[in-house]
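Report on the following structure.
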Amino acid sequence: MTAGYIEPRAWHAGLAGVITAAGALITDEAGAVLIVKPNYRDGWALPGGACEFGEPPHAGCEREVAEEVGLFRPAGRLLVVDWQPAAPDYGPGARPMAFFIFDGGTLPADIQIVLQYEELDDYRFEPPGGLAGLLPPLAFRRVNAALAARVSGETVYLPLAS
């Protein structure tokens with residue numbers, strides 16, 4: 001062994017951890033955004049949630065959308081990557097988060113939403129102009145970026161400085 005050598009398992013175990021979450025921007029034919037109302041926190045959100053350990057973001061998005069609103073849709077193009085530093089309110093073990101927003105497409109008017117009542121109280125299609133009063137500020141920022149990315153064809157990176 002050479003000086004400074006770190007056994008690969010020890011090196012890997014010492015790396016920082018990040019929480020990964022993924023959601024979908026889904027709209028109706030009029031351009032209103034599908035949002036859901038979690039019963040465990042304030043504000044509305046896009047369908048989605050935390051990825052399971054080792055789960056790729058696109059797969060987490062597909063799983064969460066299916067669980068929360070009963071829609072089995074492939075995750076489309078990546079619209080937004082939103083980096084947020086660890087929240088100080090969560091204590092010394094808090095980890096940063098990376099949010100991935102995928103294009104969930106446009107739903108026909110006759111689609112049936114099947115809500116997961118264990119985690120959600122409601123859903124609705126909200127025109128973009130009404131989202132500011134419903135979404136928490138960081139989620140609103142993310143959804144606006146996703147709407148713009150859908151139009152521009154570019155993926156948006158939203159680093160939030162610590």
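Pairs are defined by a Cβ separation below 6 Å, a sequence spacing of at least 6 or placement on different chains, a first member in segment 68-91 that is at positive phi, and a second member that is assigned to a loop (DSSP other than H, G, I, E, B) and exposed (fewer than 13 other Cβ atoms within 10 Å of the Cβ); the pairs so defined are G70/V114.
Counting the residues of segment 1-39 that are of a type in the set (S, T, Y) and under 27 Å from G105 (Cβ atoms) gives 2. Among the residues making up segment 1-37, those that are in contact (Cβ under 8 Å) with a residue 60 or more places away in the chain and over 19 Å from M97 (Cα atoms) are I26, T27, D28, E29, A30, G31, A32, V33, L34, I35, V36, K37. Among residues of segment 130-162 being among the hydroxyl-bearing types (S, T, Y) and touching a residue at least 60 places away in the same chain (Cβ under 8 Å), the one that is surrounded by the most Cβ atoms within 10 Å (Cβ to Cβ) is T155.
On the stretch given as segment 21-51, residues that are hydroxyl-bearing (S, T, Y) and touching an Asp or Glu at 6+ places or on another chain (Cβ under 8 Å) total 1.
Throughout, read-outs are computed from the coordinates displayed, never taken from laboratory work. Quantities reported herein were computed from a predicted structural model and do not represent experimental measurements. Quick reminder, even Gly has a Cβ in these numbers, built from the backbone with ideal geometry, and neighbours come from all protein chains shown.
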